[in-house]
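Working notes, structure below.
The values are calculated or read from the model by the stated rules, or taken from the named source; none is laboratory data. Please read these numbers as outputs of a predicted model, since none were measured by experiment. Neighbour counts are summed over all protein chains in view; Cβ atoms, including those assigned to glycine, are modelled from backbone coordinates with ideal geometry. What goes into the accessible areas is simple: the full protein's heavy atoms, side chains included, and nothing from ligands, DNA or RNA. Shrake-Rupley method; radii C 1.70, N 1.55, O 1.52, S 1.80 Å.
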Amino acid sequence: MSQALKIERCDLNIQMNHSNHHTEQFGEDRLIVRRGHPFSITLLLSPDSKEFKAAETRLTFIVETGPLPRKDSDTMVSFSLSESTVDSEWSASANNQAGNRISVSINSSPDAPIGIYSLTVAQEMQKTFLGHFILLFNAWCPRDGVFMDSERKRQEYVLAQHGQVYRGTFKRIKGLPWNFGQFDTGILDICLKILDNNPKFVSDADRDCSARKNPIYVTRVLSAMINSNNDRGVLVGEWGDFTGGAHPGSWIGSGDILRKWAESGPVRYGQCWVFAAVACTGWMSRALGIPCRVVTNFGSAHDTDANLLIENFYDEDGERMSGGDSVWNFHVWVDSWMTRPDMGEEFSGWQTSDPTPQETSEGIFCCGPASVKAIREGELTKKYDVPFIFAEVNADIVDLVRLSNGEFIKFSGSTTSVGRFISTKAVGTDERRDITHHYKYPEGSTEERQVFEKAKHHNKLQQRGEEPGLHLKIKLADNMSIGSNFEVNAILTNNCMKTKTCSFLFIARAVGYNGKQGESCGFASDKVEVPSGEERHLSLKLEYDSYGGVITSDRLIQLSAITIDKQTIDFHKAEKTIVLDEPDIGIKLLGEAKVDQPVTAHLTLLNSLPEPLQNCSFTIEGLGLTDGKPIGLKVGTVGPKEEAKADIEFRPSSAGPSMLLVNFDSNKLKNIKSFINIFVQQ
């Protein structure tokens, strides 16, 4: 007789859960909750169901999201009913029972992928589908990467349905009211549909759905999907001819744009403030749960060649030459709030993303998220697209005239015209808030110029794929065979902006395959001064007389390069373990291998050591070749640079393919092995 509960239906308690999860404005058609916070459901049992007893009844809940849910991807999770819920992972507990009603509290992981989930309960051999729910990011949960600890800011950056988008010039700033409309019917579904139309989902749905746990990933994907340059994204950008579409200035909200996209694909037309406002609705605070603000930068640079300069070219008549860089009167993007575990806690907080298609990033028209702190401090090697956004707010302008001989001469410029009155709507009011200080130090200040010089330095490193700071690497010799003398080099590169002085050590020691340290076999040191952008080399010659007596039969030497600056307490280290090449064993069969017929293997090995080898011997073995027993031959002493030679006869016992294994052993060269494949004729 089945001991399973007979579940007649499930009440998702939508009204109560929405109130607890700040999702009540989405309506009551379906359950929408935020991750990392418990929600309750009620299981209604049939009158003839057995009685529920928490200690005796085993219920396993299963949540699934995406088209290919898998446990390994965290898109399918199963968890059993327990005494209490667990904050850090999916869990469930029975709160109370009244008659045939069982109240169950379910807690989602604060790191779960967002999206549409199915909820099923399994008991014994049967499963009961309980319903669907949508899981969003949770700015109210301290364990969620988008947590924001101010309720006033959460109300503004997560729940507010209207906002201001600033346009004009820095001398005449005007706010444009915008209806984000994230709680309008169907808008959340459209936002999720945008996610499911992105190229990464199309190419690998499992990987994409799993990655939706990460707000950095979601933000970057949708930065590309708000424009339509590489995909069937939401908006087509146009700055000239608006035939066949709506003028960007005619839009006053995101809802119409998103509904048009859902019905017929990319919508014509948008410009920067439209891209940013739709983005704020579509993926951040207004729908999926990441706190977000719309930001306007007045005097916004578009640096096309990534040199942090806006270069204006003129001919000798004073006419502006076409092409090149530009400075926009204003440009609009979005800032989102999240942690940056990929870069370090100091770069968490506001992150800039720009969905307006200007330049490509990793081959796609998208931009960000870039840490506002990294932008302010000129940390241009940090992810993502910090150099481009830094130039938008802090590039220098250079005016150049082209002479008749083709030479360009600078005649004017400015270090203060780019990045002015960076603006966003203030929390709780319709007033403008100036946040320029978030992005840059005051114009003309010592800090601002220092950061700009640092940014130029980092920009060069970023273009070379290098990181700032001191860097050590070890370069090995081409020939490192046992018995030879060879040279290795430690290379110290100074990617700092200032000259560095430090002690430079290079150490070699024997080591076993298990990591056990042996004796030292080489040492070099120097006191070096390394100017910015330069290298210093420290050579270490490894001679057989030094390493031959201390290495094990594993023939391993560990190299360690170390720099020490005791004044700044700055230490750096690089390590490599090298395996000394062993001499090759030459193997040649003197005749054909046939069943029950003797055949001789001619074996040779060159002594690569500068000293004699004693007690030398060869051993051969092979299935069907030596009756399962090794055959050995001693060859005595072999002088330096001389060959050890042996002819060993064996009699194959079975036809077909086989392998002849050969081993050489001596007092100095041990366990040298080789083989040949042979075919034994009948």
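Enumerate the calculated ³J(HN,Hα) couplings along segment 300-314 in order (Karplus 6.51 cos²θ - 1.76 cosθ + 1.60, θ = phi - 60°), each rounded to whole Hz, writing x wherever the residue is Gly or Pro.
9, 7, 10, 8, 7, 10, 6, 10, 6, 10, 9, 9, 9, 9, 10
Just the Cα atoms of segment 24-143: what Rg and Dmax do they give in Å?
14.5, 44
Sorting Asp565, Asp478 by accessible area (1.4 Å probe), largest first, what list results?
Asp478, Asp565
Considering only Leu119, Gln155, Ala139, whose Cα is most displaced toward the positive end of the charge dipole of segment 101-212, charges sitting on Cβ of Lys, Arg (+1) and Asp, Glu (-1)?
Among Leu119, Gln155, Ala139, the one farthest towards the positive end of the dipole of segment 101-212 is Gln155.
May I ask you to derive the FRET efficiency for Gln126 and Val579 from their Cβ-Cβ distance with R0 = 60 Å, giving the value to the nearest 0.05? Could you put the intermediate results ahead of the total?
Details: r = 59 Å, r/R0 = 0.98.
Plugging the Cβ-Cβ distance into 1/(1 + (r/R0)^6) gives 0.55.
Based solely on C-alpha atoms, express the radius of gyration and the Dmax of segment 187-260 in angstrom.
13.9, 41
Let's see if you can work this out: charge +1 on each Lys and Arg Cβ, -1 on each Asp and Glu Cβ, no other charges. What is the dipole magnitude of the chain about its Cα centre, in debye to the nearest 20?
That gives the chain a dipole magnitude of about 1060 debye.
Send over a whole-number figure in Å² for the accessible area per residue of segment 305-434, probe 1.4 Å.
Roughly 42 Å² per residue, with all protein chains present.
Tell me the relative contact order for segment 588-671 as a rounded percent, counting alpha carbon contacts under 8 Å between residues six or more apart.
38
Could you tally the net charge around Ser653, taking each other residue with its Cβ under 15 Å from the Cβ of Ser653, Lys/Arg +1 and Asp/Glu -1?
My count for the surroundings of Ser653 gives -1.
For segment 531-631, restrict the atom set to alpha-carbon positions and state the Rg and Dmax in Å.
23.7, 77
Please compute the Cα-Cα pair-distance distribution of segment 353-398 with 5 Å bins starting at 0, giving whole percents from short to long.
Going from the shortest bin to the longest, the percentages are 5, 24, 32, 22, 13, 3.
What number, in percent, do you get for the relative contact order of the chain if the mean sequence gap of Cα pairs under 8 Å and at least 6 apart is divided by its residue count?
Computed over the chain, the figure is 7 percent.
Per DSSP H run of n ≥ 4, the term is -39500 (n - 2.57); total these for the chain, divide by its residue number, and report the mean residue ellipticity at 222 nm rounded to 500 deg cm²/dmol.
Calculated mean residue ellipticity at 222 nm is -4500 deg cm²/dmol.
Would you calculate the separation in nanometres between label points at Phe571 and Thr499, each defined as 7 Å from the Cα along the Cα-to-beta-carbon direction?
Rounded to a tenth, the inter-label distance reads 2.7 nm.
Of Val372, His437, Ser404, which is farthest along the charge dipole of segment 344-474 in the positive direction, counting Lys and Arg as +1 and Asp and Glu as -1 at C-beta?
Farthest towards the positive end: Ser404.
For segment 564-682, what is one quarter of the convex hull surface built on the Cα atoms, given in nm²?
10.6
Based on alpha-carbon atoms only, what is the radius of gyration of the chain relative to the globular estimate 2.2 N^0.38 Å?
Relative to the rule-of-thumb radius for its length, the chain sits at 1.34.
Over segment 550-655, give the accessible area per residue in Å² for a 1.4 Å probe, as an integer.
It amounts to 54 Å² per residue over segment 550-655.
Using the beta-carbon distance between Arg143 and Ser417 and R0 = 51 Å, what value does 1/(1 + (r/R0)^6) give for FRET efficiency, to the nearest 0.05?
With a Förster radius of 51 Å, E is 0.70.
Quick one: accessible surface of His602, probe radius 1.4 Å, all protein chains present, in square angstrom to the nearest 10.
60
Could you work out, for segment 240-314, what percent of all Cα-Cα pairs fall into each 5 Å distance bin, beginning at 0 Å and stopping at the bin that holds the largest distance?
Taking all Cα pairs of segment 240-314, the binned fractions are 3, 13, 18, 18, 16, 14, 11, 5, 2, 0 percent.
Find how many whole Å separate the alpha carbon centroid of segment 643-682 from the alpha carbon centroid of segment 344-403.
Here the two parts' Cα centres lie 63 Å apart.
Using a 1.4 Å probe, what is the accessible area per residue for segment 163-286, in Å²?
So segment 163-286 comes to 39 Å² accessible per residue, rounded to a whole number.
So, how do all the Cα-to-Cα distances of segment 461-525 break down into 10 Å bins, in percent, from 0 on up?
15, 37, 29, 18, 1
If you rank Cys616, Cys10 by how much accessible surface each has, with a 1.4 Å probe, what is the order from largest down?
Cys10, Cys616
In the chain, carbon and sulfur make up what percent of the accessible area (probe 1.4 Å)?
On the way: 14880 of 31700 Å².
Ligands and nucleic acids excluded, carbon and sulfur give 47 percent.
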